[in-house]
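The values are calculated or read from the model by the stated rules, or taken from the named source; none is laboratory data. Keep in mind that what you see is a predicted model, and the values were worked out from it rather than measured. Glycine also receives a Cβ, built like all others from the backbone with ideal geometry; neighbour counts cover every protein chain displayed. Ligands, DNA and RNA are stripped out before the accessible areas are found, and what is left, the full protein with its side chains, is counted by its heavy atoms. Shrake-Rupley method; radii C 1.70, N 1.55, O 1.52, S 1.80 Å.
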Amino acid sequence: MNRDWDAVRRAAMEHAEDNMVNRKMNCAEAVFEALIRSGAIDAPAEAVAYATGFGSGAGGAGYTCGALTSAILANGAAHGRKDPSSAKEKTELKELHYRRYNNIVSDFVKIANSGLCSEIVNAFPDAYKDAANRPNCIRVVKEAAGIAVDYLKLDLAEAAKLEYDASVVNIRNWL
């Protein structure tokens, strides 16, 4: 099926913003539901429940931004390993799959200045006082939906050619 990925991207970003502003969703739910509603991923509407616990950096802990988590979750739903135990080589993840997710993180960090909810929110101290003070979170959620679509449109072979962004790799001897 040929999709108009530009239209899907625009719709996902609009839905993500609507989900945050009007539909009372957390950041993770807002992105994941927008990707379902826009047709970027094929999942039932109730699958948004998979994302609920990732809001506010995993249950309010301030760790990985829920919007980023949902962008990765959606890409995993579409392109992840359906039978991980069938991998022939232990390096399959690094060689074929992680490049997509590494680049999602890299692109997200470029627009949000961090991948951590606490750093994104604390850059705007009044962010959680009321909805009117959440423009940065709303912007990040909207962008995360767009980034997710950018990588959803890549097949495995295309994603496997991506370069790792060494600036977001934090594991010694990874690259």
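Only DSSP H runs of four or more residues enter the estimate; each adds -39500 (n - 2.57), and after division by the residues of the chain the mean residue ellipticity at 222 nm equals -15500 deg cm²/dmol. Atom-type composition of the exposed protein surface of the chain places 52 percent of the accessible area on carbon and sulfur (1.4 angstrom probe). Note on the chain: Cα-only Rg and Dmax are 15.8, 51 Å.
Here the simple spin-label model places points 7 Å from the Cα toward Cβ, and for ALA58 and GLU14 these points are separated by 3.5 nm. To the nearest ten degrees, helix 135-152 and the longest principal axis of the Cα atoms of the chain are 20 degrees apart.
The angle separating the long axis of helix 5-21 from the principal Cα axis of greatest extent in the chain is about 40 degrees.
Pairs from the list LYS82/LYS153; LYS88/LYS142; LYS88/LYS110; LYS82/LYS110; LYS24/LYS82; LYS110/LYS153 with a Cα-Cα gap above 27 Å: LYS88/LYS142; LYS88/LYS110; LYS82/LYS110; LYS24/LYS82. Listed by chain and number, the aspartates and glutamates whose alpha-carbon sits under 12 Å from that of LYS94, ignoring those within fewer than 8 places in the same chain, are GLU163. Normalised by the number of residues in the stretch 1-135, the average gap of Cα pairs under 8 Å and 6 or more apart makes the relative contact order 19 percent.
For the stretch 1-68, the Kirkwood hydrodynamic radius comes to 12.0 Å, computed from all pairs of different C-alpha atoms. Normalised per residue, the accessible area of the chain is 55 Å², obtained with a 1.4 Å probe and no contribution from ligands, DNA or RNA. Helix 98-112 and the longest principal axis of the C-alpha atoms of the chain enclose an angle of approximately 30°.
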